[in-house]
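Written out below as structure tokens is the structure these notes cover.
Read-outs: derived from the displayed coordinates by stated rules, not from any lab. Everything numeric here is computed off the predicted structure, so don't read it as measured data. For neighbour counting, all protein chains shown are included, and Cβ atoms are generated from backbone atoms with ideal geometry for every residue, glycine included.
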Amino acid sequence: MFEKVLIANRGEIALRIHRACREMGIKTVAVHSTADANAMHVRLADESVCIGPPAARDSYLNIPAILSAAAITGAEAIHPGLGFLAENASFAEMVEEHGFTFIGPTPEHIKLMGDKVAAKRAAVELGIPIVPGSEGAVADEAAALEAAARVGYPMLIKAAGGGGGRGMKVARNDAELLSQLPIARSEARAFFGNDEVYLERYLDKPRHIEMQILADGLGGVVHLGERDCSLQRSHQKVLEETPSPALNAAQRARIGKIATDAITRLGYKSAGTIEFLFQEGEFFFIEMNTRIQVEHPISEMISGIDLVREQLRVASGTPLGFTQNDVKFSGHAIECRINAENPETFRPSPGRVAEYHVPGGLGVRVDSALYQGYTVPPHYDSLVSKLIVHGATRNECLMRLRRALEEYVITGIETTIPLHQRLVEAPDFINGDYDIHWLEKFVGRT
Ligand code: MV4
């Protein structure tokens, strides 16, 4: 096992990685921008290196500075966390070229899944059901019209270099398809530096269901169940739960087998997530994420498996010490993402945390780098805490979540705790009756 790991990230995920390392007797190196000199991940790490000014491109995305920090501190491996450089294939490659271990999948797998057209083609080969659409990128108007005639409207235009929903366009007939196509193409070029676009049948009321997988690259593959991430606004997830209230046992078993078979054939290593849209009992692959995700803790809570610990173990060449049969799922877990934002306008609310009191008790977990007196900087993502609760049943989980939200005190900045307090009282949410559009309507009708 590694003796020292550099954590190339900040905030709660940097702290999460630090915690896994400490429990394994691994020394940690924090890197930070000048804006994060007093951050919790820096305070707790064994060593820290300032890698640049506040802007992420000059610090958390500054590859030479990060590699230099690893070299001068004698770190053997680099954990990229999520966001920033986590899905940058050339970073993963450079880490390895400099003699460090990249704690994540191979650069080839990162690259494959980063190209959404290539990922879809791979999905077909791996036996994963996809959304019907164009065969790869559409070369011209004729190819787009052909795909639409074959699949049927409404159609969705997506960017090959995209993901996360930016630049998508719905077309309901040939005229709209022809008018939206050049717009989608130029937006794709502007956002992602790649003007390739592809078409899919537009699913109008799906749920977003994703499978957590874990693989050692030596033939060991398990899944840790699904997560329902349908509660989102502006492509930002707000609350995630597992198991999904929408799946029955047969559907759950079906998608579990599809996911583990595919990952086995792919020869993938590390943690990863296969994202699906789920509508009318059918799963449709949309993307694969080759990183640990923000919402990973709910899968840990129902499986008892520490995903970051396993990432570290498999990166060091150790096989998974268990098989799918050993993974015992228990109860229900929900994560509330708490952002430093106004809970109605969602305007960011950085600033000094005046009072801070965290909930506790059985089944309550808080992943946060906040502390009393800490100043949330304005330069980064507004996620400041994740409240994760576990219960034997969904109802027990919900009751526990309500009482934990009631205990949580954060003053001095605005947070989205009041939004979560409203959400956990909404009948549709209580009934598990929601799709990817539900939350936008809910926040709209205050
Ligand atoms: C879709 C879709 C409907 N039909 N694809 C948005 C993010 C990107 N990863 C995929 N996205 C979608 N793809 C087809 N064929 C609707 C969305 C979508 C969405 C997906 C998951 C979670 C939230 C979403 C919000 C709006 C649109």
Review point. In segment 318-385, what trypsin sites (Lys or Arg not before Pro) fall in a loop by DSSP, with at most 15 other Cβ atoms inside 10 Å?
Key: LYS328
**Study point:** Summed residue charge, Cβ within 13 Å of GLU187's Cβ, Lys/Arg positive, Asp/Glu negative
**Key:** +3
Point to revise | Restraint check, LYS27/LYS158; LYS269/LYS441; LYS205/LYS257; LYS237/LYS269; LYS257/LYS386; LYS27/LYS120, Cα-Cα greater than 32 Å | key: LYS27/LYS158; LYS269/LYS441; LYS27/LYS120
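Summing -39500 (n - 2.57) over the DSSP H runs of n ≥ 4 in the chain and dividing by its residue number, what mean residue ellipticity at 222 nm do you reach, to the nearest 500 deg cm²/dmol?
Result for the chain: -10000 deg cm²/dmol, rounded to the nearest 500.
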Point to revise | Within-12-Å neighbourhood charge of ALA92 [Cβ basis; K, R +1; D, E -1] | key: -2
Check your understanding: For segment 385-446, what Kirkwood radius comes out of the mean inverse Cα-Cα distance, in Å?
Key -> 12.8
Practice item. Take the alpha carbon gyration tensor of segment 67-134, find the square roots of its eigenvalues, order them as a ≥ b ≥ c, and report rounded if a/c is under 1.5; if not, report prolate when a/b exceeds b/c, else oblate. Key: prolate
Check your understanding: Going by how many other beta carbons lie within 10 Å of each one, how would you line up MET288, MET168, MET113, MET399, fewest first?
Key -> MET399, MET168, MET113, MET288
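In the calculated pair distance distribution of segment 22-117, what percentage of Cα-Cα distances lie above 21 Å?
That fraction is 32 percent.
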Practice item. List every residue whose amide H lies under 5 Å from the amide H of SER230, counting only residues 5 or more places away in sequence or on a different chain, with H placed 1.01 Å from N in the peptide plane. Key: HIS208
Revision key, fill the gap. Simple spin-label estimate for GLU396/GLU135, 7 Å along Cα→Cβ, in nm, reads 5.3
Practice item. Filter the GluC sites (Glu not before Pro) in segment 346-446 to those in DSSP coil with at most 15 other Cβ atoms within 10 Å of their Cβ, and list the result. Key: GLU355, GLU425
Exercise for review: Send over the semi-axes of segment 274-378's equivalent ellipsoid, whole angstrom and largest first, taken as the square roots of 5 times the C-alpha gyration tensor eigenvalues.
Suggested key: 31, 21, 16
Practice item. Would you mind giving the average projected area, over all directions, of the Cα convex hull of the chain in nm² with one decimal? Key: 20.2
